[in-house]
Amino acid sequence: MSMRSFTDDQNLFRTAYRKFLEQEVAPHMERFRQQGIVDREIFKKAGDQGFLMIWPDEQYGGLGDSDFRYEQIIMEENARAETSEWFSTLHSRLVGPYLQRFGSEEQRQRFLPGCVSGETILAVAMTEPDAGSDLSGMRAHAKDMGDHFLLNGSKTYISNGINADLVVVAAKTDPENNPYSVGLFLVERGMEGFERGRNLDKMGMKAQDTAELFFSNVQIPKENVLGDPSKGFYYLMEGLAEERLIAATGYMASARHAFDLTREFVMERKVFGKPLAAKQNTQFKLAELDTEIDIMQVYVDHCITLHNEGKLTANMAAKAKLQASEIQWRMMDEGVQLHGGAGYMNEYPICRMFTGSRINRILAGSSEIMKLIISRDIFSEQYKSLLD
């Protein structure tokens, strides 16, 4: 890890954020898992200390620093503290930037200060039962009624679905003629016709509220439309490279923490009178995983540098997401195996991490979709330029 470079300000930020997690979040995680949702108060506490949405300008309450490494620190420290189920990055770097990129100045002034402070919790609603990776298959639609849009449809598997105060909802605006004509609509808590379903019972990530959302003749004022209501599909595509970089960054932080936990366990666990770490099989398994994690971390750090320079491509982000999720999964699987029976017990973090990580080869685009994106470039005329 010594080759990695963070500024003095970022190192101070890491220290402060680590202390925040230790004091305000980690002690409550088991309760959050049992209740299936993180207390809203955690967002507010994080906002009060400047740990949400670092990038907005000071006029909106942020630090005005768009360096992605701040979010990298947040994800790494959440992994270390085992608080990743409080997915603050969803709020801060997955959803928030839609307001900056595509919102009007009026919308930024209206919503960003509350998002930075943690008073307004964000979510994005794209996925439907029959439309996941293929967004063109969505059925939610919004009809232009002159002074407003009329939104109808449903969404599922929406993270922050219960807690969210503001949801960026994708819906078709010309379903009969153009499946790619999609609008992004800002749906606020309390709008008539907007209802939430149950908090879904997931395999892992128990503290992350994930819900179904329903929209029945919801009147969306024109001032709650992000950008051009026919270009939302392209807006979503524009944000996917960063979304997949976020995913890869979190996966590597999680894999490294799982490695550290497993290393510690095998050094203490005795088998036939000797530590499990003394067995060559254990040494070789961890040597392989340590190598894979380190090499992949270098690539992710490289992608972060490119992203900060505005040079990250969809191809690079897909590679990062694909390989990071596969390495993380191998680490979790081997971690459980080396823990033995203890690895199957929820009281050991590796057990929760194993179940929590299974979704990662599916969300933000499945591994199969990542391979499709990469293969398209391989067989395109532009492939050689990607290697330059």
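The values are calculated or read from the model by the stated rules, or taken from the named source; none is laboratory data. None of the values given here were measured: they were computed from a predicted structure. Ideal geometry is used to build each Cβ from the backbone, glycine not excepted, and the neighbour counts take in all protein chains shown.
Return only the number of the condition from (1) in contact with a helix residue (DSSP H, G or I) (Cβ under 7 Å, 6 or more places away or on another chain); (2) more than 29 Å from ILE373 (Cβ to Cβ); (3) part of a strand (DSSP E or B) that GLU195 does not satisfy.
Just one mismatch for GLU195, condition (1).
In the set ASP290, ASP301, ASP377, which member is under 30 Å from GLU238 (Cβ atoms), of a type outside the set (Ser, Thr, Tyr) and in contact with a Phe, Trp or Tyr (Cβ under 7 Å, 6 or more places away or on another chain)?
Values: ASP290 fails: under 30 Å from GLU238 (Cβ atoms); ASP301 fails: in contact with a Phe, Trp or Tyr (Cβ under 7 Å, 6 or more places away or on another chain).
Result: ASP377 is the single residue among ASP290, ASP301, ASP377 that is under 30 Å from GLU238 (Cβ atoms), of a type outside the set (Ser, Thr, Tyr) and in contact with a Phe, Trp or Tyr (Cβ under 7 Å, 6 or more places away or on another chain).
Surrounded by fewer than 22 Cβ atoms within 10 Å (Cβ to Cβ) and either among the small types (Gly, Ala, Ser) or outside the structural domain of GLN35 (by TED's automatic domain parsing) (or both): is that true of GLY118 in this structure?
no
Looking only at the range 192-227, count how many residues are more than 30 Å from PRO349 (Cβ to Cβ) and either buried (at least 18 other Cβ atoms within 10 Å of the Cβ) or free of Cβ contacts under 8 Å to residues at least 12 places away in the same chain (or both). Explain how you work it out, then say what you get.
Initially, the range 192-227 is screened for residues more than 30 Å from PRO349 (Cβ to Cβ), giving 192-197, 213-227.
Next, from what is left, pick out any that are either buried (at least 18 other Cβ atoms within 10 Å of the Cβ) or free of Cβ contacts under 8 Å to residues at least 12 places away in the same chain (or both): 194, 213, 215, 218, 220, 224-226.
Residues in the range 192-227 being more than 30 Å from PRO349 (Cβ to Cβ) and either buried (at least 18 other Cβ atoms within 10 Å of the Cβ) or free of Cβ contacts under 8 Å to residues at least 12 places away in the same chain (or both): 8 in total.
Can you tell me which condition MET53 does not meet? The list is (1) assigned to a loop (DSSP other than H, G, I, E, B); (2) at negative phi, and all the others hold.
The number of the failed condition is (2).
Report, by residue number, each residue of the range 140-184 that is under 21 Å from the mean Cα position of the chain (by Cα) and either among the acidic types (Asp, Glu) or within 13 Å of PRO221 (Cα to Cα) (or both).
ASP165, LEU184
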